[in-house]
1. Of the numbered conditions (1) part of a loop (DSSP other than H, G, I, E, B); (2) modelled with pLDDT of 90 or more, G77 satisfies every one except a single condition; which is it?
2. Restricting the search to region 56-74, which residues are surrounded by 21 or more Cβ atoms within 10 Å (Cβ to Cβ) and either among the hydrophobic types (A, V, I, L, M, F, W, C) or not in a helix (DSSP H, G or I) (or both)?
3. If A15 passes every condition in (1) farther than 14 Å from E108 by Cα; (2) at pLDDT below 70 but one, which one does it miss?
4. Among the listed residues L40, L106, identify the single one that is surrounded by fewer than 20 Cβ atoms within 10 Å (Cβ to Cβ) and under 11 Å from the mean Cα position of the chain (by Cα).
5. Please specify each residue of region 47-74 satisfying the condition of being within 12 Å of the chain's Cα centre (by Cα) and modelled with pLDDT under 85.
6. Kindly indicate whether T81 is polar (S, T, N, Q), surrounded by 15 or more Cβ atoms within 10 Å (Cβ to Cβ) and on the phi < 0 side of the Ramachandran plot.
7. So which residues in region 64-89 are touching a helix residue (DSSP H, G or I) at 6+ places or on another chain (Cβ under 6 Å) and either closer than 11 Å to A41 by Cβ or of a type in the set (G, A, S) (or both), if there are any at all?
Amino acid sequence: MHAGKSPNRCSRRLAPCYGEGERKTALAAQGIDLQGVIDLAAHLVPMPREQIVGSGKSADQVKLRCLICCWETTQPGLTTTGVANALRISVPTASVAAKKGEQIALEEGCSLMDLLNIKT
C-alpha cells in the first residue's frame, strides 16, 4: 500500500493485462464475459452496476471503467468498440481508459485472474 492511499481493494499481485494467451483461454473456458466482469467490478467498490455503465465521472466510476477496459480489451473476440459501447463511453475514451486501467491494476495489484480464482 502506498503512503496516504486508501487500503488496497485488490490485494493480489497483478499478472500483466496484455499478452496472456493462457489467460484468455482460461477466461473463455470459464464463460467469463464482459457483463460478468462489469458485475465483478461493481462488487469491488461496491457500486451499482448501472452507475458504472451510466454517465458520471466520480473517482470510483472512472477507476472501475479503467479496470474493465484494461481487463476486457484483451479478451478474444472483444474490441475496444464493444467495450466502449457496453460502458457507454466513446472508443477513444475506452482506449485511454485501458492504458490507465493497466497502471491502476499494477499499482493496486488487481489481477482479474486472481479475483476470479482462475489458475493458468
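1. Condition not satisfied by G77: (2).
2. Those that are surrounded by 21 or more Cβ atoms within 10 Å (Cβ to Cβ) and either among the hydrophobic types (A, V, I, L, M, F, W, C) or not in a helix (DSSP H, G or I) (or both): L64, C66, L67, I68, C69, C70, W71, T73.
3. (1)
4. Answer to the selection: L40.
5. Scanning region 47-74 gives T73, T74.
6. Judged against the criteria, T81 is not a match.
7. Result: L64, R65, C66, L67, I68, C69, C70, W71, E72, A84, A86, L87.
One line per residue, one yes/no per condition, for (1) aliphatic (A, V, I, L, M); (2) more than 19 Å from P92 (Cβ to Cβ):
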| site | (1), (2) |
| --- | --- |
| A42 | yes, yes |
| Q51 | no, yes |
| K57 | no, no |
| C70 | no, no |
| T73 | no, no |
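The values are calculated or read from the model by the stated rules, or taken from the named source; none is laboratory data. Quantities reported herein were computed from a predicted structural model and do not represent experimental measurements. Using ideal geometry, Cβ is built from the backbone for each residue, glycine included, and neighbour counts are taken over all protein chains shown.
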